[in-house]
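Below is one structure, written out as structure tokens; comments come after it.
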Amino acid sequence: ASGGCQLKLNVSSLPPCNEIVTDSLGLTINALPLVDAGEDQTIAYGESTVLNGSASGGSNSFDYLWAPAELLSQPNNPSTATLALTETTEFILTATDIVSTCSNSDSTIIYITGGPLSIKAIANPESICYGDSSQLYALPTGGSGTIEYYHWTSDPPGFESSLPNPRVSPAQSTTYTLEINDGISSAWDDVLVEVKPLPVVSAGADQDIPHGTYTTLHGSAQGGSGEYAYLWSPAGLLLQPDIPEPQTLKLYESQNFNLRVEDIISGCF
């Protein structure tokens, strides 16, 4: 989690050479700050409150930033007053260690009672890679103070839930619509979860080569942004494991090579 170590690399020549070359690298790992945005609060419609955040660990010297900053009097202080709030709001505190530049975040929710009923639907994260999931949240504001039902639906259709905070794994970009009712009136909101495609990867056809010879692998990728990072394994048997078509070393036994491709723009792989 934190501390330091010395990494040592030994490189041995292939026969008939027998030279061994050594190099080392010092590695320092800085711990993330421990951030606390404070407890969730409930206040009346149109009132303000004080957020009491804190951070510890590392150098114990931090830069602070609350979001959304426009709803706060001093967003760069760990403790700050909100403006008058008219809807339930999630406030996120990010603390950055001034010495290590490592940062971490925590959040708190200020719930609003009274005033007209409204709802905010949020997704975390709002953008996912195909096969991943996102957490939906319902943040009701005002009304009678008691929500009698939650009803989530989707476009494209196929998803329904009566949970306030369901988890979803859409196969394509999907808009989730939430309806709530407090026994008196209803309110609606929606949120889009974007699904980014995975690269379509080919490691090429299997090959047969003579014992003690080398060959070239033929990898490729398509889809997504078109900008990729390649990594073959085992890397130690290749001259350049980070290109789509690397040359192997001389091989003396059958070997399975695996190709991983990451979309540089989306981060999906």
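Quick grid of which residues meet (1) touching a helix residue (DSSP H, G or I) at 6+ places or on another chain (Cβ under 8 Å); (2) more than 17 Å from Ser107 (Cα to Cα); (3) among the aliphatic types (A, V, I, L, M):
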| position | (1), (2), (3) |
| --- | --- |
| Leu25 | no, yes, yes |
| Thr28 | no, yes, no |
| Pro33 | no, no, no |
| Glu47 | no, yes, no |
| Ser61 | no, yes, no |
| Leu65 | no, no, yes |
| Asn76 | no, no, no |
| Thr88 | no, no, no |
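Return only the number of the condition from (1) touching a strand residue (DSSP E or B) at 6+ places or on another chain (Cβ under 8 Å); (2) modelled with pLDDT of 95 or more; (3) not in a strand (DSSP E or B) that Glu87 does not satisfy. Exception for Glu87: condition (2).
Asn104: open to solvent by 40 Å² or more (accessible area, probe 1.4 Å) and part of a strand (DSSP E or B), yes or no? Yes; evaluated as a whole, the condition is true for this residue. Among the residues of region 33-65, the ones that are under 17 Å from Val99 (Cβ atoms), open to solvent by less than 70 Å² (accessible area, probe 1.4 Å) and outside any strand (DSSP E or B) come to 5 in all. Taken over region 107-160, the criterion of being outside any strand (DSSP E or B), open to solvent by 50 Å² or more (accessible area, probe 1.4 Å) and closer than 24 Å to Ser266 by Cα is satisfied by Pro125, Glu126, Tyr130, Gly131, Asp132. For Ile92, indicate whether it is open to solvent by 60 Å² or more (accessible area, probe 1.4 Å) and over 23 Å from Ser118 (Cα atoms). Against the criterion (open to solvent by 60 Å² or more (accessible area, probe 1.4 Å) and over 23 Å from Ser118 (Cα atoms)), Ile92 does not qualify. Counting only residues that are surrounded by 10 or more Cβ atoms within 10 Å (Cβ to Cβ), touching a strand residue (DSSP E or B) at 6+ places or on another chain (Cβ under 6 Å) and hydroxyl-bearing (Ser, Thr, Tyr), region 1-23 holds 2 of them.
Evaluation of Asn165 against the conditions (1) under 23 Å from the mean Cα position of the chain (by Cα); (2) buried (at least 18 other Cβ atoms within 10 Å of the Cβ) shows that the sole unmet condition is (2). Inside region 168-184, residues that are open to solvent by less than 30 Å² (accessible area, probe 1.4 Å) and assigned to a strand (DSSP E or B) make up a count of 6. Considering (1) at pLDDT 95 or above; (2) over 26 Å from the mean Cα position of the chain (by Cα), the lone condition that Glu70 does not fulfil carries the number (2). Would you confirm, using the coordinates I've provided, whether Trp232 is loosely packed, with under 14 Cβ neighbours inside 10 Å, among the aromatic types (Phe, Trp, Tyr) and not in a loop (DSSP other than H, G, I, E, B)? No; evaluated as a whole, the condition is false for this residue.
Of the candidates Ala205, Ala221, Ala187, the single residue that is of a type in the set (Gly, Ala, Ser), more than 27 Å from the chain's Cα centre (by Cα) and open to solvent by less than 30 Å² (accessible area, probe 1.4 Å) is Ala187.
Does region 245-258 contain any residue that is part of a loop (DSSP other than H, G, I, E, B), open to solvent by 40 Å² or more (accessible area, probe 1.4 Å), in contact with a strand residue (DSSP E or B) (Cβ under 9 Å, 6 or more places away or on another chain) and over 22 Å from Ser12 (Cβ atoms)? Yes - at least one qualifying residue is present in region 245-258.
For Asp97, the test of being open to solvent by less than 30 Å² (accessible area, probe 1.4 Å) and under 26 Å from the mean Cα position of the chain (by Cα) is passed.
Flag not set for Gly226, criterion: out of contact with any Leu (no Cβ under 7 Å at 6 or more places or on another chain), in a helix (DSSP H, G or I) and not acidic (Asp, Glu). With respect to Trp188, is the statement that it is outside any loop (DSSP other than H, G, I, E, B), without any contact (Cβ under 8 Å) to a residue 40 or more places away in the chain and either touching a Ser or Thr at 6+ places or on another chain (Cβ under 6 Å) or not acidic (Asp, Glu) (or both) true? So Trp188 fails the test.
The values are calculated or read from the model by the stated rules, or taken from the named source; none is laboratory data. Just so it is clear, the model here is predicted, and its values are computed rather than measured. In this analysis, Cβ positions are derived from the backbone assuming ideal geometry, glycine residues included, and neighbour counts consider all displayed protein chains. Heads up: the accessible areas ignore ligands, DNA and RNA and are worked out on the full protein's heavy atoms, side chains in. Shrake-Rupley method; radii C 1.70, N 1.55, O 1.52, S 1.80 Å.
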